[in-house]
1. Quick check on the stretch 61-92: of everything there that is touching a helix residue (DSSP H, G or I) at 6+ places or on another chain (Cβ under 9 Å) and in a strand (DSSP E or B), which residue is surrounded by the fewest Cβ atoms within 10 Å (Cβ to Cβ)?
2. Identify, please: which residue in the stretch 104-125 is of a type in the set (D, E, K, R) and assigned to a strand (DSSP E or B) and is, among those, modelled with the lowest pLDDT?
3. Show the residue pairs that are 6+ apart or on different chains and have beta-carbon atoms under 6 Å apart, the first residue being within the stretch 45-68 and within 30 Å of R99 (Cα to Cα) and acidic (D, E), the second being buried (at least 19 other Cβ atoms within 10 Å of the Cβ) and modelled with pLDDT of 95 or more.
4. Determine, yes or no, whether T95 is modelled with pLDDT of 95 or more, assigned to a strand (DSSP E or B), touching a Leu at 6+ places or on another chain (Cβ under 7 Å) and surrounded by 14 or more Cβ atoms within 10 Å (Cβ to Cβ).
5. Sort out which residues of the stretch 101-122 are surrounded by 12 or more Cβ atoms within 10 Å (Cβ to Cβ) and over 24 Å from R80 (Cβ atoms), and write them in order of number.
6. Please go through the stretch 38-53 and pick out each residue that is exposed (fewer than 14 other Cβ atoms within 10 Å of the Cβ) and either part of a strand (DSSP E or B) or at pLDDT 95 or above (or both).
7. I need every pair where a residue in the stretch 110-127 that is free of Cβ contacts under 8 Å to residues at least 40 places away in the same chain has its Cβ under 8 Å from the Cβ of a residue that is surrounded by 14 or more Cβ atoms within 10 Å (Cβ to Cβ) and charged (D, E, K, R), sequence separation at least 6 or different chains.
Amino acid sequence: MKAIFWILLLSVFACQERKQAMKDKPDAIRDLLIDRSFWQRKAGPQPQGSIVGTHRFTITNTSQRYVYQHIKIRFDYYDRGYHKIDSALHVIERTIEPRSAIKIDTVETKLNKEGAMTATATIVNASVD
């Protein structure tokens with residue numbers, strides 16, 4: 001009975017060390033959080049009359065160790081039925097220190113299709129400094 005107890009106890013500790021090792025690697029998708037996100041549509045320059053998506057948001061680095069830069073973000077646009085109709089990529093050329101946030105005032109993207117009612121912003125990747 002004692003042998004089974006010790007085997008179970010050791011397996012629990014072995015799993016904990018593995019989880020910690022996974023957390024020690026930089027991971028922009030895990031560490032960078034987009035919040036306070038605002039989006040609006042507006043007409044683009046004439047005569048084409050294209051539609052432009054204007055985004056404002058904050059990126060928070062939740063890591064206690066890693067500095068990130070060249071942050072690639074994907075904006076996805078959805079219609080009324082929440083069907084994805086368009087997307088755009090944008091790179092933020094700023095550096096974000098651990099446990100800090102940066103405010104992004106304006107990012108404009110050209111929408112290729114009309115009918116976008118909502119938008120999401122997702123971290124794709126970033127370089128570790």
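The values are calculated or read from the model by the stated rules, or taken from the named source; none is laboratory data. Predicted, not measured: the structure shown is a model, and the values here were computed from it. Because the Cβ atoms are built from the backbone with ideal geometry, glycine has one as well, and the counts that use them run over all protein chains shown.
1. Checking each candidate, the answer is K72.
2. Among those residues, the one meeting the criterion is K110.
3. Qualifying pairs under 6 Å: none.
4. no
5. Matches in the stretch 101-122: A101, I102, I104.
6. Those that are exposed (fewer than 14 other Cβ atoms within 10 Å of the Cβ) and either part of a strand (DSSP E or B) or at pLDDT 95 or above (or both): F38, Q40, K42, A43.
7. Correct list of pairs: N112/D86; K113/D86; G115/D79; M117/D79.
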